[in-house]
């Protein structure tokens, strides 16, 4: 595709100094939704699109028992993912392929997951259509919420990050999946009331880590408190203006494969 909002060089630099091992720690709200709609079984085949460094592969293997695989088109990122899996003792297949050129049979995986992938392309419908075609049972998509306060933080303080993302709302997210014949199980804001850290992924603070820690401190403190409240109370509001992510879970109306 020619509508990429980021370059191969961007991702080379992004993954060049990644601390490993690494595992995803979804917000309690997101974890509850995943556990509500997805099975737990070692018989389930799982594919992550844009998988580096394999945090979600590790999470779904450890928490749900899935047989995990991933696709990553940047060699350094794919190698980081393989290394991450090895360090955690997880058997996983990591393909170094361009997702859009990959030849794969329809319905090859029970679950196809993308977390922070589709928003890097202008053609949302086209990306989701290809993802849906790979899934035999479920499609799970998570994108950052680029609206509200967090969108404002990114747009004003780290514009290079903001403009590397397409702004995707709930209507677009749901429609793009349902056009592919998916039955919507969940489509809403998620992650709880959390802030993006303004000094993270911000080139201004690259050589000013002491200042980055100071700037991020009140936001980090709020996030820790909010996560703890959600985890132990079981209550998590999903306001458009402060939720960190949007999440979609859909099921194939007619099983493929």
Practice problem: Please work out which residue is nearest to the chain's Cα centre (by Cα), limiting yourself to the stretch 130-149 and to residues that are surrounded by fewer than 22 Cβ atoms within 10 Å (Cβ to Cβ) and part of a helix (DSSP H, G or I). | Solution: 130
Quiz prompt | Qualifying positions in the stretch 202-220 - exposed (fewer than 15 other Cβ atoms within 10 Å of the Cβ) and either in contact (Cβ under 8 Å) with a residue 60 or more places away in the chain or outside any helix (DSSP H, G or I) (or both) | solution = 206, 207, 208
Quiz item: Would it be correct to say that residue 46 is touching a helix residue (DSSP H, G or I) at 6+ places or on another chain (Cβ under 9 Å), at pLDDT 95 or above, outside any helix (DSSP H, G or I) and surrounded by 15 or more Cβ atoms within 10 Å (Cβ to Cβ)?
Solution: yes
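In this structure, does residue 78 turn out to be crowded, with 22+ Cβ neighbours inside 10 Å, modelled with pLDDT under 95 and not in a loop (DSSP other than H, G, I, E, B)? Break it down stepwise before answering.
Working: crowded, with 22+ Cβ neighbours inside 10 Å: yes; modelled with pLDDT under 95: yes; not in a loop (DSSP other than H, G, I, E, B): yes.
When the stated conditions are applied, residue 78 passes them.
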Practice problem: Determine whether residue 156 is without any contact (Cβ under 8 Å) to a residue 24 or more places away in the chain and either under 15 Å from residue 244 (Cβ atoms) or part of a helix (DSSP H, G or I) (or both). | Solution: yes
Quiz item: Of all the residues that make up the stretch 162-201, how many are touching a residue at least 60 places away in the same chain (Cβ under 8 Å), part of a helix (DSSP H, G or I) and in contact with a helix residue (DSSP H, G or I) (Cβ under 7 Å, 6 or more places away or on another chain)?
Solution: 1
Quiz prompt | the stretch 96-107, residues that are within 27 Å of residue 37 (Cα to Cα) and either touching a strand residue (DSSP E or B) at 6+ places or on another chain (Cβ under 7 Å) or surrounded by fewer than 15 Cβ atoms within 10 Å (Cβ to Cβ) (or both) | solution = 99, 105, 106, 107
Quiz item: Can you name the condition, by its number, that residue 241 falls short on among (1) over 19 Å from the mean Cα position of the chain (by Cα); (2) closer than 21 Å to residue 115 by Cα; (3) assigned to a helix (DSSP H, G or I)?
Solution: (3)
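Taking the conditions exactly as written (in a strand (DSSP E or B) and in contact with a helix residue (DSSP H, G or I) (Cβ under 6 Å, 6 or more places away or on another chain)), does residue 127 satisfy them or not? Even if it seems obvious, please write down each step before you answer.
Values: in a strand (DSSP E or B): no; in contact with a helix residue (DSSP H, G or I) (Cβ under 6 Å, 6 or more places away or on another chain): yes.
So residue 127 does not fit the description; no.
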Self-check item: Residues that are touching a strand residue (DSSP E or B) at 6+ places or on another chain (Cβ under 6 Å), surrounded by 13 or more Cβ atoms within 10 Å (Cβ to Cβ) and either modelled with pLDDT of 95 or more or assigned to a loop (DSSP other than H, G, I, E, B) (or both), drawn from the stretch 1-32
Solution: 27
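The values are calculated or read from the model by the stated rules, or taken from the named source; none is laboratory data. Nothing here was measured: the structure is a model prediction, and the numbers come from that model. Note: ideal-geometry Cβ built from the backbone for every residue, glycine included; neighbour counts use all protein chains shown.
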